[in-house]
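Take a look at the structure below.
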């Protein structure tokens with residue numbers, strides 16, 4: 001026996017140890033039941049493929065106690081009398097009820113296996129909207145739309161005119177407008193976690209000072225872009241006099257939400273996907289290895305066909321890495337009526353926290369959103385929308401927060417290719433690119 005044990009692989013040893021441990025526990029529990037009449041039920045929860053399901057909630061309805069299954073799907077529950085009524089539930093599976101009589105309990109040889117069925121969701125209400133949007137502003141000769149934001153009941157559009165910049169401001173109700181010429185060469189508008197608007201250049205940040213009543217906008221700064229990126233850009237919310245920050249690690253596959261309390265950093269939500277991190281690292285390793293072997297190739301110079309193939313392979317790996325980096329990194333946080341909402345598309349759920357950062361609940365999305373990259377909040381109505389994944393990126397789903405169900409499907413005309421998107425007062429605003437380099441700011445009403 002000693003020789004046999006020594007030639008076993010570590011995996012086999014671990015499996016045997018696990019089985020022995022389980023049987024040992026069962027023996028103790030059976031003896032416990034025989035001696036003091038405490039009913040102890042050992043069970044294992046599996047899915048339709050007989051794979052273990054962890055973090056399943058097992059509630060004993062008889063004595064109001066509860067437990068959860070471990071990483072191997074095992075759990076044990078205690079009761080004082082028969083029948084033992086259990087409620088077995090987990091997000092993404094149909095809830096199951098189990099009632100054990102004394103005879104059924106005594107017939108169990110080792111542990112009871114409970115199989116859960118994946119929940120099948122149907123949409124209770126689906127509304128398809130396929131209308132031609134209205135054009136608010138289009139590119140003109142030497143006049144290019146760079147960015148836009150909904151801000152204080154207005155639409156701010158940043159334009160490039162030659163080498164100059166101009167800010168055009170539209171009233172949302174009347175679509176009347178005025179323009180302000182800028183002396184800075186900003187290419188992006190940014191709204192910070194306290195609702196202040198900024199213009200970003202390649203190396204500086206300027207904060208806008210607005211007075212839309214008298215059609216005046218000024219700006220001050222400049223602040224270092226490095227300082228901005230290390231502080232303000234990572235601030236994603238403000239609640240109860242506390243700032244909420246987001247830190248990203250491991251190729252954007254690990255995300256931590258935190259705040260400061262008593263001069264200490266306090267983490268309250270953590271998202272991580274080890275498998276996707278390794279997948280992203282593989283893209284990067286292969287890219288770096290090709291660059292190490294062949295260097296960076298100038299496609300504009302004299303290059304061979306084989307060199308072009310290598311350069312294009314490097315670019316493909318870079319695009320693949322960037323795509324993996326966007327998902328699941330886009331897990332946005334919103335402040336909604338003194339409630340913190342985190343849309344965790346990695347785990348297909350919405351997580352709720354109160355204004356003191358205490359966990360409240362989680363609600364499962366009733367459809368898979370792992371490929372969705374953007375979530376939008378209509379600040380005026382409190383409605384939330386998730387971008388669907390399609391070849392043209394023109395489908396959005398309105399989500400009901402308390403149930404996670406889709407209550408509306410919004411489909412922009414299939415010829416549209418929206419880039420920047422905002423929702424406000426039941427309207428969708430977006431910049432459309434028609435492949436000809438002519439961008440237009442468009443809108444249409446959802447309801």
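The values are calculated or read from the model by the stated rules, or taken from the named source; none is laboratory data. Keep in mind it's a predicted model, so treat the numbers as computed, not measured. Cβ placement follows ideal geometry from the backbone for every residue including glycine, while neighbour counts extend to all protein chains displayed.
Some values worked out for this structure:
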read-out: Scope region 414-440; condition within 21 Å of residue 150 (Cα to Cα), modelled with pLDDT under 85 and outside any strand (DSSP E or B); matching residues; value: 416, 417
read-out: Residue ID - surrounded by the most Cβ atoms within 10 Å (Cβ to Cβ), chosen from residues in region 68-87 that are in a strand (DSSP E or B) and without any contact (Cβ under 8 Å) to a residue 40 or more places away in the chain; value: 75
read-out: Condition met for residue 411 (farther than 28 Å from residue 160 by Cα, touching a strand residue (DSSP E or B) at 6+ places or on another chain (Cβ under 6 Å) and at pLDDT below 90); value: yes
read-out: Residue match in region 223-234 (condition: surrounded by 15 or more Cβ atoms within 10 Å (Cβ to Cβ) and more than 29 Å from residue 144 (Cβ to Cβ)); value: yes
read-out: Single residue of region 349-378 satisfying the filter (more than 19 Å from residue 271 (Cα to Cα) and modelled with pLDDT under 90) that is surrounded by the most Cβ atoms within 10 Å (Cβ to Cβ); value: 366
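Per-residue answers, yes or no, for (1) in contact (Cβ under 8 Å) with a residue 40 or more places away in the chain; (2) surrounded by 14 or more Cβ atoms within 10 Å (Cβ to Cβ); (3) assigned by TED's automatic domain parsing to the domain that holds residue 423:
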| position | (1), (2), (3) |
| --- | --- |
| 137 | yes, yes, yes |
| 144 | yes, yes, yes |
| 154 | yes, yes, yes |
| 170 | no, yes, yes |
| 176 | no, no, yes |
| 181 | no, no, yes |
| 197 | yes, yes, yes |
| 204 | no, yes, yes |
| 210 | yes, yes, yes |
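Yes/no matrix, rows are residues, columns are (1) in a strand (DSSP E or B); (2) surrounded by fewer than 15 Cβ atoms within 10 Å (Cβ to Cβ); (3) modelled with pLDDT of 85 or more; (4) touching a strand residue (DSSP E or B) at 6+ places or on another chain (Cβ under 7 Å):
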{"residue": "44", "(1), (2), (3), (4)": "yes, no, yes, yes"}
{"residue": "66", "(1), (2), (3), (4)": "yes, yes, no, yes"}
{"residue": "91", "(1), (2), (3), (4)": "no, no, no, yes"}
{"residue": "98", "(1), (2), (3), (4)": "yes, no, yes, yes"}
{"residue": "109", "(1), (2), (3), (4)": "no, yes, no, no"}
{"residue": "114", "(1), (2), (3), (4)": "yes, no, yes, yes"}
